[in-house]
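Take a look at the structure below.
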Amino acid sequence: MVKAEQYSGLAPALRQQLAHCIDEEFGHVAFVQEREWAQPDWVLAKYEGKELATFCNVVLRRVLMDGQLYTVAGINNVITPRAFRGRGYASQVLRETEQFIFEELECAHGLLLCADALLPFYSRLGWYKLENCSLRYHQPSGEQLYDSNVMLLSPGQQHSFRPQHINLNGLPW
């Protein structure tokens, strides 16, 4: 079972554990270290017994796409600690996250910023890459242009929505 919790209500020990997992996974990535990132609104986690087996974060935001505002669920930090990898837990959490963002949060789309190596993984789960899409986000130094993969998840696996211009209206996730 996957548990959805508001980030603001997490126990300090769990926040520390999540931060540790994120640092282990992405602490060596210069792109990650050189930017300020949005704090999540939600954490969806699967436990095996009392141990954290996998999790992902959700940032809820009104995002501008081709000149229109949409409520979007930004997905980030999909992480499975090494001891639990290879069991399909990340896929399970993302499938349940899909249901959560569309049914509970009533989002128009899911959106993630994705490394090349992860495109096949997310594609298998119904996410689709936006080709020729410019994505802008905020940083303390000003607005920045994201120059890698942008993926969307739309309700009912509809891949017809393909915006060309996205502004996250805030920090990236």
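Quick notes
- Only listed residue being in contact with a Phe, Trp or Tyr (Cβ under 9 Å, 6 or more places away or on another chain) and within 22 Å of E104 (Cβ to Cβ), chosen from W42, W37: W42
- First in the range 63-81 and on the phi > 0 side of the Ramachandran plot, second anywhere and outside any strand (DSSP E or B) and of a type in the set (A, V, I, L, M, F, W, C), Cβ under 6 Å, 6 or more apart: N77/I22
- Meets criteria (in contact with a Cys (Cβ under 6 Å, 6 or more places away or on another chain) and under 30 Å from S141 (Cβ atoms)) for V63: no
- Residues in the range 20-52 that are over 20 Å from G88 (Cα atoms), over 15 Å from the mean Cα position of the chain (by Cα) and of a type in the set (A, V, I, L, M): V29, A30.
- Test: residue in the range 19-26 that is within 22 Å of G110 (Cβ to Cβ), without any contact (Cβ under 8 Å) to a residue 60 or more places away in the chain and part of a strand (DSSP E or B): no
- One residue alone among L152, L119, L145 is at pLDDT 95 or above and surrounded by 18 or more Cβ atoms within 10 Å (Cβ to Cβ), and that residue is L152.
- When Q157 is tested against (1) within 26 Å of C21 (Cα to Cα); (2) modelled with pLDDT under 95; (3) not aliphatic (A, V, I, L, M), just one condition goes unmet, and that condition is (1).
- Among (1) touching a helix residue (DSSP H, G or I) at 6+ places or on another chain (Cβ under 9 Å); (2) part of a loop (DSSP other than H, G, I, E, B) - the single one R35 does not satisfy: (1)
- Qualifying strands (runs of 3 or more DSSP E) (wholly inside the range 63-173; at least 1 residues being in contact with a helix residue (DSSP H, G or I) (Cβ under 8 Å, 6 or more places away or on another chain) and not small (G, A, S)): 68-79, 109-114, 149-153
- Every test in (1) surrounded by fewer than 17 Cβ atoms within 10 Å (Cβ to Cβ); (2) of a type in the set (D, E, K, R); (3) in contact with a strand residue (DSSP E or B) (Cβ under 6 Å, 6 or more places away or on another chain) is passed by K50 save one, and that test is (3).
- For the criterion of being surrounded by 16 or more Cβ atoms within 10 Å (Cβ to Cβ) and not charged (D, E, K, R), G170 fails.
- Scanning the range 1-14 for residues that are free of Cβ contacts under 8 Å to residues at least 40 places away in the same chain, surrounded by 11 or more Cβ atoms within 10 Å (Cβ to Cβ) and either more than 25 Å from F102 (Cα to Cα) or of a type in the set (V, I, T) (or both) yields one hit, L14.
The values are calculated or read from the model by the stated rules, or taken from the named source; none is laboratory data. Please read these numbers as outputs of a predicted model, since none were measured by experiment. Don't worry about glycine lacking a Cβ; one is built from the backbone with ideal geometry, like all the others, and counts go over all protein chains shown.
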